[in-house]
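Worksheet: one structure, shown below.
The values are calculated or read from the model by the stated rules, or taken from the named source; none is laboratory data. No experiment lies behind these values; they were computed from the predicted model shown. Don't worry about glycine lacking a Cβ; one is built from the backbone with ideal geometry, like all the others, and counts go over all protein chains shown.
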Amino acid sequence: MLPMNENPSQRGLSSLLRVVKPYAKYLIFRSVVPNEDNRWLFELAFDTHWSAREAYEWARRSLIATPLFLSKCAVHGERISVDRIPYITACPRIELGSDIRISGEIAIKGNSRRSPVLKIGNGVFLGHWTTFAVAERIEVGDFVAFDPRVELNTGFVRSRHLADKACAATLVAALQALQSAGLQPAHTTCILFSNFEEVGHGGAAEIPASVEEFVAVDMAAMGEGQASDEFHATLCLKDSGGPYHAGLSQKLRGLAEAYGIPYKVDIYPNYGSDATAYWHAGGAAAAALIGPGVDSSHHYERTHHDALLATTQWVLAYLLAE
C-alpha cells in the first residue's frame, strides 16, 4: 500500500535523489589541488585570466559604454567612467560634471510630454540599480554617492536608507491608489517629504497653521525589548520627545482594527520623528507616528512587503476617514 499523498513516480524520484545526493556532494568539493611541481602553471593561468578579464572590462568601459553614454549627454565634464550603458527612455537633457563614476546598471527615465533635465554635479558615484525618474528637473550636487544595493527576496526588501525612503514609498503608493480610484482625502491634506528628519528639525517648518492633525510616517526600529517586526506596521505611542497625542493614536488604532490592518504598538525612548520636531518648534496640532518595521536601522536595512503594504493601507484609511 502506498501513502495516499504519494504516487509511484514521486517515490521513484525520492529514491533516486537519496542515491545521487551523496555523490553530488562529493563531486562539488572535488577539485584539482596545486602542488609544488605545478603551482607555477596555475599562477600563470590566474594572472592570464585576471589580465584578460581586466582588459575586457577596460575595453567595454572605455570604448563602448562611456562614449555611447556621453553621446546622449548635452554637456559633460572630464574623467567620467561608465561600466555599463545606462538604460534610457524618453531621453531627458543630461548634464554631467567631472569625476563621475557609474558602476553597474542604472536607469534614466524621462517624460516625452515635457522637457526634463537631469543635472549631475562633480565627484558623484552612481551604484548598481540607481534609477532617476525625471518629470521636470533633477539636480544632484557635488560629492554624492547613490549605492542603494537593493535586494528583493521572498517578500523581503534589503537596501541602504530604507529609513526613510520606505515610508516615502508608502505615501506615494497611497496617493497613487487614491488617484487611480478617483478618490480624494476626506479632509484638506498636506504631504511633506523632509530632507532633515535625521538632523532633528524635519517637521519644524513649512507646516501650515491650519493643520489640526500631524501624522508622521517613519520606520519602526526593531531590537531587543521592542514589539516591532518586519511584517507589521507599528503605532508608536511615545519616543524621546514624550508621548504622542492619545486621541489621534486611538483614532489610528481604531482604523487598523476596523480594516484588519496588521500592526504592532511600541515605544522608542531613543527615537525621534518629524512630529517631535514639529512639537518642539511650537506646533499645536495633534501628532501621531506610524510606520513599517525595519531591521538594522541606519545600516544595510531590511523590511518586508507585508509591513509596507500595511503602512500604505493605514495611510489610505486615515486619508479617507471622515
Would the range 257-272 turn up any residue that is closer than 30 Å to Thr154 by Cβ, out of contact with any Gly (no Cβ under 7 Å at 6 or more places or on another chain) and modelled with pLDDT under 95? yes
When the range 51-92 is checked residue by residue, the ones that are in a helix (DSSP H, G or I) and closer than 16 Å to Lys119 by Cα are Phe69, Leu70
Could you identify the single residue in Glu57, Glu36 that is free of Cβ contacts under 8 Å to residues at least 24 places away in the same chain, on the phi < 0 side of the Ramachandran plot and of a type in the set (D, E, K, R)? Glu36
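Tell me, which residue of the range 283-322 that is in a strand (DSSP E or B) and among the hydroxyl-bearing types (Ser, Thr, Tyr) is surrounded by the most Cβ atoms within 10 Å (Cβ to Cβ)?
Step one: filter the range 283-322 for residues in a strand (DSSP E or B), giving 286-295, 300-304.
Still in the list and also among the hydroxyl-bearing types (Ser, Thr, Tyr): 300, 303.
On the way: Tyr300: 13, Thr303: 28.
Here the answer is Thr303.
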Among the numbered conditions (1) exposed (fewer than 13 other Cβ atoms within 10 Å of the Cβ); (2) more than 21 Å from the chain's Cα centre (by Cα); (3) in a loop (DSSP other than H, G, I, E, B), tell me where Ala135 comes up short. (2)
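Identify all residues within the range 1-46 that are part of a loop (DSSP other than H, G, I, E, B), surrounded by 10 or more Cβ atoms within 10 Å (Cβ to Cβ) and modelled with pLDDT of 75 or more; write none if there are none. Reasoning before the result, please.
Narrowing the range 1-46 to residues part of a loop (DSSP other than H, G, I, E, B): 1-7, 29-38.
In the following step, the residues that additionally are surrounded by 10 or more Cβ atoms within 10 Å (Cβ to Cβ) were identified as 6-7, 34, 38.
Across the range 1-46, the qualifying residues are Pro34, Asn38.
Each row is one residue, and each column tells you yes or no for (1) out of contact with any Cys (no Cβ under 8 Å at 6 or more places or on another chain); (2) part of a loop (DSSP other than H, G, I, E, B); (3) surrounded by fewer than 17 Cβ atoms within 10 Å (Cβ to Cβ); (4) on the phi < 0 side of the Ramachandran plot.
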residue	(1), (2), (3), (4)
Ile94	no, no, no, yes
Arg113	yes, yes, yes, yes
Val157	yes, no, no, yes
Ser180	yes, no, yes, yes
Ala186	yes, yes, yes, yes
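So if I check each of Ala173, Ala216, Ala221, Ala169, which one is in contact (Cβ under 8 Å) with a residue 60 or more places away in the chain, surrounded by fewer than 21 Cβ atoms within 10 Å (Cβ to Cβ) and touching a Ser or Thr at 6+ places or on another chain (Cβ under 6 Å)?
Numbers: Ala216 fails: surrounded by fewer than 21 Cβ atoms within 10 Å (Cβ to Cβ); Ala221 fails: surrounded by fewer than 21 Cβ atoms within 10 Å (Cβ to Cβ); Ala169 fails: touching a Ser or Thr at 6+ places or on another chain (Cβ under 6 Å).
Residue meeting the stated conditions: Ala173.
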